[in-house]
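Every number in this text was worked out from the coordinates using simple rules, so none of it is lab data. Here the structure is a predicted model, which is why all the values come from computation and not from measurement. All Cβ positions, glycine included, derive from the backbone under ideal geometry; neighbour counts span all protein chains shown.
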Amino acid sequence: MARWKWGALNALQAVMVLLVTAVGFPVALLLGLVSGPGAALRVASWYWAPLLFGGAGAKLVVEGAERVDWSRPQVLVANHQSMFDIPSLFAAVPVPLRFMLKRELASMPFIGWYARLMGMVFIDRGNARDAKQKLGEAADRLRDGATLVAFPEGTRGTTGVVGAFKGGALQVALDAGVPVVPVAIEGTGAVLPPSGFRVRPGTIRVRFGAPIDTAGLERNVLATQAREAIVGMLQKNRGQSTISEEIVL
C-alpha cells in the first residue's frame, strides 16, 4: 500500500482509538462506581481490546493459558515491546487484571482516570519513598486476591532483546507470597512500534509459562528465572505453537 494511504488509514485508526476510549471508559467508570471494579475491569477485555484488534487488523493467539490457575492471586511479568502489549494482555487473560504502570500514565485522560478507579498501581521511579509505598499497596492487592501485571524491563524495547529485569514487581510477589507467571509477548512491536502511530496488521502471540513458586527465593534469582523463561519462550520455535494454542481474536 502506498505510504500516503497508510498515513490516511493510520489517521483514521487514531481517531477510532480516541472514540472507542472516549465512549467505553466513561461507561466502565460508571459501572465501577455502581458495581465495583470486577465487572468494570473486564470492560477493557470485552470491549476495548477487541475493538483495537479489529481496527488494527491484528489477530491474537494465546498459548499455555491452561498452565495457570486463574483462581489464584499472582503476578504476571511480561516483556514489553509496545503499548499494544496492554490490550493484548487484557484480551488474553481470562480474569480481571490490574497493571503496575509508570506514574506518567496516571495523568492521561480517560485511561488514567479508569486506571485509578480500577486500582491500578502507579510507580514513580524517581521517588523512592513513593515507589516503596505503592509497591506495598500492590502487595496488599495481591493478598486480597488480585492478579497484577508488570513489565519489569521498565520501558519498551526497540531491539527485540529482552532487557534486564528491575526488581520491584518481583519483590511485590515475594512480599505477598504469590507465584510469578512469565509471559512472552511477540508481534506487538510490528503491529504498533514503540514510537509514533504506525499501525500494521499482524499476528500477536501471548505465551504463558509455568508459574514460578516464589517461596524461599531471593529477588535476583526470581528475576533471572522469570527473564530466562520469557527469553526461552521467545526463542523456541518462533512463529510456531509448541503448546496448546487458542485463537482468541
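The figures follow:
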{"read-out": "Translational D in µm²/s for the chain (Stokes-Einstein at 20 °C, 1.002 mPa s, Kirkwood Rh from C-alpha pairs)", "value": "116 µm²/s"}
{"read-out": "Choice from M108, M16, M83 with maximal GNM fluctuation in the chain (Cα, 10 Å cutoff)", "value": "M108"}
{"read-out": "Summed residue charge, Cβ within 13 Å of A40's Cβ, Lys/Arg positive, Asp/Glu negative", "value": "+3"}
{"read-out": "Computed label-point distance, nm, for sites D140 and A164 using a 7 Å Cα→Cβ extension", "value": "3.2 nm"}
{"read-out": "Kyte-Doolittle mean at least 0.0 and Cα axial length at least 15 Å: DSSP H helices in the chain", "value": "3-35, 219-235"}
{"read-out": "Most fluctuating residue given options Q235, Q81, Q13, as computed from a GNM of the chain linking Cα atoms under 10 Å", "value": "Q235"}
{"read-out": "19 Å Cα-Cα reach of K166 towards aspartates and glutamates, excluding residues that sit fewer than 8 places from it in its own chain", "value": "D85, E104, D124, D130, E137, E153, D175, D213, E218, E228"}
{"read-out": "Exceeding the 20 Å Cα-Cα cut-off - candidates K59/K102; K102/K132; K5/K59", "value": "K59/K102; K5/K59"}
{"read-out": "Taking N as its residue count, the alpha carbon Rg of segment 1-124 over 2.2 N^0.38 Å", "value": "1.13"}
{"read-out": "Value of relative contact order over segment 130-191, rounded to a whole percent, pairs C-alpha under 8 Å and six or more apart", "value": "34 percent"}
{"read-out": "Virtual paramagnetic centre 7 Å along Cα→Cβ of D213, amide N under 18 Å, in segment 162-190", "value": "173-182"}
